[in-house]
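Before any comments, here is the structure.
The values are calculated or read from the model by the stated rules, or taken from the named source; none is laboratory data. Values in this document were obtained by computation on a predicted structure and should not be read as measured data. Counting neighbours? That spans all protein chains shown, and the Cβs are built from the backbone with ideal geometry, glycine included. Protein only, heavy atoms only, side chains kept; ligands, DNA and RNA dropped before computing areas. Shrake-Rupley method; radii C 1.70, N 1.55, O 1.52, S 1.80 Å.
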Amino acid sequence: MRKFLFQGLHRPPLTEAAPLSDDPMIAELAGTLNRASRRKLGHSLSIREVDAGSCNGCELEIHALGNAFYDLERFGLRFVASPRHADVLMVTGPVTKNMREALERTYAATPHPKWVVAIGDCAFDGGVFAGSYACVGAVSEVIPVDLHIRGCPPDPVALLRGLIALVEAR
Amino acid sequence: MRGGRGIEQSRHWPRHVVDQTSWRRAIREISKGQGDVLSLWSDGADVHMAVLDHESSDIGIVTIECPDGRFPSVGHMHPPAIRLERAIRDIYGFQAHGLCDTRNWLDHGRWGVRHPGLKPEPSDAAGDSYAFLAAEGAPLHQIPVGPVHAGVIEPGHFRFSANGEVVVRLEERLGYVHKGIQQLMVDAPLDRATRLASRVSGDSTVAYALAFANAVENALEIEVPERAIYLRALMAELERIANHIGDIGAICNDASFSLMHTHCAILRERVLRASHVCFGHRLMMDRVVIGGVADDLTAEGESALRALLSEANRLIPPFIDLYGDTTSIQDRTVGAGHLGSELANQYGCGGVIGRASGRSFDARRLPGYAPYPDLSFKVGSAHAGDVDARIWVRFDEIKASLALIEQILDKMPEGSLRIESLPASSETFEGAALVESFRGDIFVWVRIGAAGIVHRCHLRDPSWFQWPLLEAAIEGNIVADFPLCNKSFNCSYSGHDL
């Protein structure tokens, strides 16, 4: 173990420069965020992830945000275990009917001010699962959504770009 | 498997329609351990069971007609089939006669419809109550967990009955991510069906696409070009390595050994980036298509892979030392979450979980599929059946997959990437396939009608035969070790709930 720790002292960090946020994303957010909440929270956000029926592809890429290359926490963004500690709900999946109530209750348990980021094509409009008897479809049909990050799944750079837009727009 | 009426449209593995007597005899033989149930499913008319015979190593499908909506229960004598039978009833309304557990499984009373697969009846969507199994006694208390968990993971409900810190009983309730994929497949054209199959469980997208494509190709007797076969295997092994390395890190992380987690996450990211360079998608989604593959491996891709191989071969030995020499992590993993070989064999438990408990099954070996018979590789194995053993088997399989990729690159044949066009047919055919994902064997059965329209498709995730064993493995462990045990299984919620 000592070897690994020493190596860590000598090597430069793997973490890469932050991607620029997309302007359309900031435009989408500008309408939903107000300055008062920005002052209250500063430049840090706690995120609660909710899988509302995804195939787990989005979860893999969300996990990757924490690795040394992307290092999400340097932007003041971190994942928390409870919606009661969260500012942002990050929702994936075509909202299965079996998960609808759990999603609504998670949203209700998140204190104001709060934002919802819908991740992936399924969360946008149901994706390939749209039209199923078992799926509601878009996350926005269940709870209000402030930002969509499309992709199947969106890669970590796309995720970072969207989340940085969220921090900057606030 | 013996007797009954043979179905000619079933290609690759034979399918026989049998009467109740033969069906019951098959159940008896399976319950005595003479065969494994590979899956049990319905197409809305009959109930089918795929069986692997231990003596002959043959795979066959037996079918029982159920005109009155009933069939003799398999789960009654062979518990691994219980949840499959509950799922059949939820979707099609067919009752497994003699099944002891009559609770709904996938149907939580939220769909607004009952039996969506056959004669759907509208119902309210207020949700059903669910009676968890009792664990009685003065000191016992219950801990409900989920469906929304504390980490970035999929949803499911766990109900623990604990005596102080010790788990007396764990009961799972799954189905939260049921998306109705098998019904979406009905009457879908092949390209849409392939996209759906690729999204049954995102971490196994290559394996699912491969299993679905193999089943279709078996049904339509499509000859896949050699180069495509090798490229498919290349993707499958990259997927296996990425998942195994991620899992080793995540298991260690659940015991707060974050150093291992950090280094594994870096290597995993390198695998995904190399995959992106080679195939244009980090998870290689939609790269396996019917009759071949979507992308070719360029010279740039090959050099990215060679660089990845040398990096991984350099890193894995120190990772192994780091895990093996750190007694504080071993203190958590050795002996935790023990699964005995008897249960692993009874459930036909595939993947790392089965192989860490002495069940050496690997679909790449048996029934085997191209190109694996032409490549040499060792299947991971251990007998301890604990979290530690499941980590060591993962290390073994990473080494095996790295060696496989090297062989695949060296032997990569020239030629076309996919067939020119699908064979035109005015008939209906059936095919099936068994493919080894990183998690274990995926079984796919498909019936295709004229013009390449999918009539019915069934996809069975390895997790069906692993989730129930987690309930057994956790018994007697402390509640705080559940995340560790659960991660060492790493069953798929989405693949199971479908």
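A few remarks follow.
- Cα centroid separation, the stretch B:366-386 to the stretch B:253-303 (Å): 21
- Span-like helix ranges in chain B, DSSP H, alpha carbon extent 18 angstrom or more, Kyte mean at least 0.0: B:205-220, B:226-253, B:258-279, B:299-325, B:387-411
- Relative intensity, log₁₀ I(q)/I(0), of the stretch B:219-317 from a Debye sum that treats every alpha carbon as a point, q = 0.14, 0.21, 0.23 Å⁻¹: -0.58, -1.02, -1.15
- The B-A contact accounts for approximately 4000 Å² of buried accessible area, totalled over both chains at a 1.4 Å probe radius.
- Anisotropy class assigned to the protein assembly as shown is rounded, per the alpha carbon gyration tensor with a/c under the 1.5 cut-off.
- Segment B:S328-B:E342, extension gain: residue separation times 0.36 nm, minus the distance between their alpha carbons: 2.1 nm
- Binning all Cα-Cα separations of the stretch B:273-325 at 5 Å, short to long from zero, yields these whole-percent fractions: 5, 18, 19, 17, 14, 12, 8, 5, 2, 0.
- For chain B: rounded, prolate or oblate by the Cα gyration tensor [a/c cutoff 1.5]: oblate
- Take every pair of alpha-carbon atoms less than 8 Å apart whose residues are at least six positions apart; their mean separation over the length of the stretch B:323-478 yields a relative contact order of 25 percent.
- With Cα atoms as the point set, the radius of gyration and Dmax of chain A evaluate to 16.7, 56 Å.
- Complex-versus-alone comparison for the stretch A:96-143, residues with a loss of 40 Å² or more in accessible area, probe 1.4 Å: A:K97, A:N98, A:M99, A:E101, A:V128, A:F129, A:Y133
- Long-range amide H partners of B:H54 with built H, under 5 Å: B:G35, B:D36
- Label zone at B:S123, where the point sits 7 Å out along the Cα-to-Cβ direction: the stretch B:154-181 residues whose backbone N lies under 17 Å: B:174-180
- A 1.4 Å probe over all protein chains sorts B:K399, B:K179 by accessible area into B:K399, B:K179, starting with the largest.
- Only Cα pairs under 8 Å and 6+ residues apart enter the sum, and on that basis the relative contact order of the stretch B:246-296 stands at 21 percent.
- For the stretch B:182-497, averaging the sequence separation of C-alpha pairs within contact (under 8 Å, six or more residues apart) and dividing by the residue count gives a relative contact order of 28 percent.
- Computed on the Cα atoms alone, the convex hull of the stretch B:5-119 gives a volume of 104 cubic angstrom per residue.
- For B:106-115, mean number of other protein chain Cβ atoms within 10 Å: 3
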